[in-house]
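Accompanying notes for the structure given below.
The values are calculated or read from the model by the stated rules, or taken from the named source; none is laboratory data. What you see is a predicted model; the values in this text were computed from it and never measured. Here the Cβ is made from the backbone with ideal geometry for all residues, glycine too, and neighbour counts use every protein chain on show. When the accessible area is computed, the model is the full protein with side chains, heavy atoms only, and any ligands, DNA or RNA have been set aside. Shrake-Rupley method; radii C 1.70, N 1.55, O 1.52, S 1.80 Å.
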Amino acid sequence: MKTKLQKYFPDLIRSREAVEHEIAQRTGLTLIYNSWTKERQQEFLDFCTGVKGINVMYDFVSKSVLNPDAAPERLNDLLSVLLKQKVRIKSVLPLEGGHIADDQTLVIMDLLVELEDGRLADFEIQKIGYKFPGERAACYVADLLLRQYKRIRSQSKKNILNYHDIKDVYAIVLFERSSKEFHEFPNVYLHRFKQKSDSGLELNLLQNFIFIPLDIYQKIQHNKGGNNNKLIETRLDAWLNFFSSDDPEIIIEICEKYPDFKEMYQEIYVICRNLEGVMTMYSEELRQLDKNTVRLMIDDLQNELDQAQGMLDLTQEELDQKKEELNQKKEELDQKKDELNQTNKELDQAKREAEQSAKRGELTTLIRQCVKKLQKGISAADIADTLEEDFSVI
């Protein structure tokens with residue numbers, strides 16, 4: 001039974017039996033096929049036979065279909081849709097040494113183009129989003145501004161720069177799998193950045209950014225599809241689904257609404273008919289994907305180690321601080337203890353002095369009583385008896 005895409009592209013997409021037969025008849029292809037996991041074998045057969053659409057984000061697919069030399073009108077249209085104005089590419093510029101060229105294994109496509117009005121746009125498709133996407137893009141556009149500055153200054157006869165000649169620069173980045181920052185906005189799939197003041201003053205600061213997380217776009221599309229809504233409403237929808245969807249129904253919907261996309265899909269399936277070539281390129285994609293996955297895992301583990309080390313450092317710092325606070329408390333307690341001991345000594349001394357004072361007071365009172373008794377004529381013997389009793393009490 002023919003698949004939906006086989007029916008739509010009847011002369012281009014072969015049956016599963018035909019593909020498997022050719023693989024089995026050629027030793028080289030059999031070796032390549034058997035080197036893949038069952039999951040990868042199934043994926044390959046699915047897109048070759050139209051069970052699913054081919055992943056346009058494969059390097060060999062995207063670069064063929066969007067080749068600005070072979071079909072410049074396609075990239076012109078894509079950039080026009082993204083920039084919301086009609087643009088035309090004047091030339092494709094080389095990525096010079098000043099371009100921030102880190103490890104390109106995660107990058108599917110990276111094109112620097114000059115538009116007819118002199119603006120520069122760096123168009124990039126990433127398989128897996130790099131960390132620090134904002135900082136990275138900022139360095140790219142800063143490099144593009146510097147590149148313009150040097151070129152215009154070198155062309156000036158008097159070496160005087162006319163800043164009006166420096167045009168806007170753009171960093172346009174599509175992510176097949178976006179980094180965590182974008183997932184904090186699960187309902188937004190297109191982010192445009194342009195520098196603005198907090199006062200309302202308008203100055204053209206030239207730097208522009210567009211970020212499109214395709215994985216988030218597909219989640220939003222999936223939710224829309226569940227409500228029986230049309231998924232391809234605009235050319236932007238067509239382009240974003242072209243890059244991110246392998247659903248046969250969506251592919252057919254794109255082609256029906258925008259026939260120029262059908263030409264691109266036809267080119268893709270012509271590529272797939274060269275079984276040896278596409279299997280070789282698919283193997284390279286898988287090898288690169290494995291490499292990227294390992295790299296990503298290493299980066300994630302390193303981040304976890306760095307975070308753990310940071311927590312340990314923070315914990316040790318807190319422990320040292322607590323220890324210092326405890327030592328300080330101990331010193332304060334020792335000081336309070338010394339003060340308390342001194343106070344106790346002073347209280348004991350005051351008590352002894354008070355007792356002695358009380359006894360002196362009692363003696364003074366007795367003496368005065370004896371004098372009064374003598375004055376009244378009481379005999380000394382009687383007074384002595386009384387004193388003996390009183391002293392025994394004291």
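Output the residues belonging to the stretch 120-163 that are open to solvent by less than 50 Å² (accessible area, probe 1.4 Å), assigned to a helix (DSSP H, G or I), of a type outside the set (A, V, I, L, M) and closer than 26 Å to Ser179 by Cβ.
Selection gives Pro133, Gly134, Arg136, Tyr140, Asp143.
Taking the stretch 99-150, which residues are more than 20 Å from the chain's Cα centre (by Cα), at pLDDT 90 or above and acidic (Asp, Glu)?
Passing the criteria: Glu114, Glu116, Asp117, Asp122, Asp143.
Working only within the stretch 1-30, note down all residues that are of a type in the set (Val, Ile, Thr) and without any contact (Cβ under 8 Å) to a residue 24 or more places away in the chain. Show your work before the answer.
As a first pass, look at the stretch 1-30 and keep what is of a type in the set (Val, Ile, Thr): 3, 13, 19, 23, 27, 30.
Answer for the stretch 1-30, where residues must be of a type in the set (Val, Ile, Thr) and without any contact (Cβ under 8 Å) to a residue 24 or more places away in the chain: Thr27, Thr30.
Which of the helices (runs of 4 or more DSSP H) contained wholly in the stretch 214-268 include at least 1 residues that are touching a Cys at 6+ places or on another chain (Cβ under 7 Å), of a type in the set (Phe, Trp, Tyr) and on the phi > 0 side of the Ramachandran plot?
Working: elements: 214-225, 235-244, 248-257.
Here the list is empty.
Within the stretch 208-235, which residues are open to solvent by 40 Å² or more (accessible area, probe 1.4 Å), polar (S, T, N, Q) and either touching a Phe, Trp or Tyr at 6+ places or on another chain (Cβ under 9 Å) or farther than 21 Å from Asp77 by Cβ (or both)?
The first filter runs over the stretch 208-235 and keeps only residues open to solvent by 40 Å² or more (accessible area, probe 1.4 Å), leaving 218-219, 222-224, 226-230, 233-235.
Okay, now just the ones that are also polar (S, T, N, Q), so 218, 223, 227-229, 234.
Within the stretch 208-235, Gln218, Asn223, Asn227, Asn228, Asn229 qualify.
Quick test of your reading of the structure: Val87 fulfils all but one of (1) part of a loop (DSSP other than H, G, I, E, B); (2) out of contact with any strand residue (DSSP E or B) (no Cβ under 7 Å at 6 or more places or on another chain). Name the failing condition by number.
All conditions pass for Val87, except number (2).
Any residue at all in the stretch 47-62 that's within 20 Å of Cys255 (Cβ to Cβ), modelled with pLDDT of 90 or more, assigned to a loop (DSSP other than H, G, I, E, B) and among the hydroxyl-bearing types (Ser, Thr, Tyr)?
First pass over the stretch 47-62, keeping only residues within 20 Å of Cys255 (Cβ to Cβ): 47-58, 61-62.
Checking the rest, the ones that are also modelled with pLDDT of 90 or more come to 47-53.
Within this subset, residues satisfying the condition of being assigned to a loop (DSSP other than H, G, I, E, B) are 49-53.
So of that shortlist, the ones also among the hydroxyl-bearing types (Ser, Thr, Tyr) come out as 49.
The answer is yes, given that some residue of the stretch 47-62 is within 20 Å of Cys255 (Cβ to Cβ), modelled with pLDDT of 90 or more, assigned to a loop (DSSP other than H, G, I, E, B) and among the hydroxyl-bearing types (Ser, Thr, Tyr).
Considering each residue of the stretch 142-168, count those that are farther than 27 Å from Asp237 by Cβ and in contact with a Leu (Cβ under 8 Å, 6 or more places away or on another chain), and give that number. Before you say what the answer is, go through the steps one by one.
Keep residues of the stretch 142-168 that are farther than 27 Å from Asp237 by Cβ, which gives 142-167.
Restricting the remaining residues to those that are in contact with a Leu (Cβ under 8 Å, 6 or more places away or on another chain) gives 144-145, 147-149, 152-153, 166-167.
Total meeting the criteria: 9.
Of the residues Met297, Met281, which single one is modelled with pLDDT under 75, assigned to a helix (DSSP H, G or I) and either among the hydrophobic types (A, V, I, L, M, F, W, C) or farther than 30 Å from Asp46 by Cα (or both)?
Values: Met281 fails: modelled with pLDDT under 75.
Sole residue among the options that is modelled with pLDDT under 75, assigned to a helix (DSSP H, G or I) and either among the hydrophobic types (A, V, I, L, M, F, W, C) or farther than 30 Å from Asp46 by Cα (or both): Met297.
Right, Lys337: farther than 30 Å from Val65 by Cβ, at pLDDT below 85, out of contact with any Phe, Trp or Tyr (no Cβ under 9 Å at 6 or more places or on another chain) and basic (Lys, Arg) or not?
no
In the stretch 5-37, which residues are under 27 Å from Ser244 (Cα atoms), among the basic types (Lys, Arg) and either surrounded by 14 or more Cβ atoms within 10 Å (Cβ to Cβ) or at pLDDT 95 or above (or both)?
Arg14, Arg16
Pairs under 6 Å by beta carbon, first residue over 17 Å from Ile125 (Cα atoms) in the stretch 234-253, partner aromatic (Phe, Trp, Tyr) and open to solvent by 40 Å² or more (accessible area, probe 1.4 Å), six or more apart or different chains?
Correct list of pairs: Ile252/Tyr8.
Report yes if some residue within the stretch 177-198 is surrounded by 10 or more Cβ atoms within 10 Å (Cβ to Cβ) and either in contact (Cβ under 8 Å) with a residue 60 or more places away in the chain or of a type in the set (Gly, Ala, Ser) (or both); otherwise report no.
Yes, some residue in the stretch 177-198 is surrounded by 10 or more Cβ atoms within 10 Å (Cβ to Cβ) and either in contact (Cβ under 8 Å) with a residue 60 or more places away in the chain or of a type in the set (Gly, Ala, Ser) (or both).
Would you confirm whether or not the stretch 69-92 contains a residue that is farther than 19 Å from Asn208 by Cα, at pLDDT 85 or above, open to solvent by less than 30 Å² (accessible area, probe 1.4 Å) and more than 32 Å from the chain's Cα centre (by Cα)?
yes
Only one of (1) under 30 Å from Phe123 (Cα atoms); (2) modelled with pLDDT under 90 fails for Arg40. Which number is that?
In the conditions (1) under 30 Å from Phe123 (Cα atoms); (2) modelled with pLDDT under 90, Arg40 misses (2) alone.
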